[in-house]
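S.K.: First the structure, then my questions, so here it is.
Rule-based calculations on the coordinates, nothing more; no lab input. Predicted model only: the values in this text are computed from it and were never measured. Cβ: placed from backbone, ideal geometry, glycine included. Neighbour counts: every protein chain shown.
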Amino acid sequence: MKALTICQPYAALICLPESHPEHKRVENRRWPTRYRGPLAIHAGKSRGWLDEDMGRPGYDYSGLRIADMTFGAVVGVADMIDCIHIDVIKRFAQCGLGMRTGLRWLTTHCHAEGPYCFVLENVRPLPVPVPYKGAQGFFDIPDALFATPTLLGGPR
């Protein structure tokens, strides 16, 4: 399976339930991809992207408790369904042209920053994170790492 290292708190935000207001459905990258399919979400070891809320020590700006975040492990699986340049999203927001109906939410999603937006859906957090070494760009991890067919996108 393809995997992508995503720094915290963003890996945790992706794994939140869709009903959560901070749920992240987009991963931003500087490069495009044609890849579509299952994608393992690897939480990187870096703490460089954490922005501690000074009003609530121990919590990130998103309201997540830093001590509850996992680092250096696969934390979930999502389906990557598209890669869209931010200019297309902005153009759609201005004139309503050029975007599939099911993706109109991208025009107002707080995490759609680009330049390339990797669109994720059907996120399945792992019941127990699996320690694993990350890498830059997409990298392969063995399907055997996942214990249940549901995590691989199989029958529910």
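S.K.: Determine which single condition ILE89 fails, assuming it passes every other condition in (1) surrounded by 13 or more Cβ atoms within 10 Å (Cβ to Cβ); (2) under 20 Å from LEU13 (Cα atoms).
M.R.: (2) is the only condition that ILE89 fails.
S.K.: Moving on. Just the residues that are hydroxyl-bearing (Ser, Thr, Tyr), under 24 Å from ILE86 (Cβ atoms) and more than 14 Å from the chain's Cα centre (by Cα), please, taken from segment 1-59.
M.R.: Across segment 1-59, the qualifying residues are THR33, TYR35, SER46.
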